[in-house]
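Written out below as structure tokens is the structure these notes cover.
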Amino acid sequence: MNKQQLANKIWESANKMRSKIEANEYKDYILGFIFYKYLSDQEIKFLKENDFDDDDISNLDENDQETVDYIRQNIGYFISYDNLFSTWISMGKDFDVSNVRDALSAFERLIWPSHKKVFENIFHTLDT
């Protein structure tokens, strides 16, 4: 599945969902995903600027506490490789709503304490 096919599938699903919810709620979902993509991209940008290569990034998970804390201290949050938006895109048909649930739960748990006021509950709408 290429990017265009995935985009078409996402919009098709979004249109089905839109018919079942209010327009303002729909907007909140879409904006939530856009913001999650932005944060995901910002983490990748930060990592590349700090000499992480693609292999390092693909091995990012919560088990490396030192790296997790380094990222959290610098950008305020941590998203593991499996939960990056770009990883979701590469999953194609294997992508599932459980990926979103797991990612949002992890995101909330991995906010750096000094950034709680900024990021805590930011994806509350998507959690539902």
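The values are calculated or read from the model by the stated rules, or taken from the named source; none is laboratory data. Predicted model only: the values in this text are computed from it and were never measured. All Cβ positions, even for glycine, are placed from backbone atoms using ideal geometry, and neighbour counts span all protein chains on display.
Figures for the structure shown
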| item | result |
| --- | --- |
| Residue within the stretch 114-126 that is surrounded by fewer than 17 Cβ atoms within 10 Å (Cβ to Cβ), of a type in the set (Ser, Thr, Tyr), in contact with an Asp or Glu (Cβ under 6 Å, 6 or more places away or on another chain) and not in a loop (DSSP other than H, G, I, E, B) present | yes |
| Filter result (of a type in the set (Asp, Glu) and either under 14 Å from Lys116 (Cα atoms) or without any contact (Cβ under 8 Å) to a residue 40 or more places away in the chain (or both)) within the stretch 57-68 | Asp61, Asp64, Glu66 |
| Number of the condition not met by Gly32 [criteria: (1) surrounded by 17 or more Cβ atoms within 10 Å (Cβ to Cβ); (2) modelled with pLDDT of 90 or more; (3) part of a helix (DSSP H, G or I)] | (2) |
| Flag for Lys93 being without any contact (Cβ under 8 Å) to a residue 60 or more places away in the chain, of a type in the set (Lys, Arg) and over 13 Å from Leu39 (Cβ atoms) | no |
| Answer residue from the stretch 47-70, given it is over 15 Å from the mean Cα position of the chain (by Cα) and of a type in the set (A, V, I, L, M, F, W, C) and is surrounded by the most Cβ atoms within 10 Å (Cβ to Cβ) among those | Leu47 |
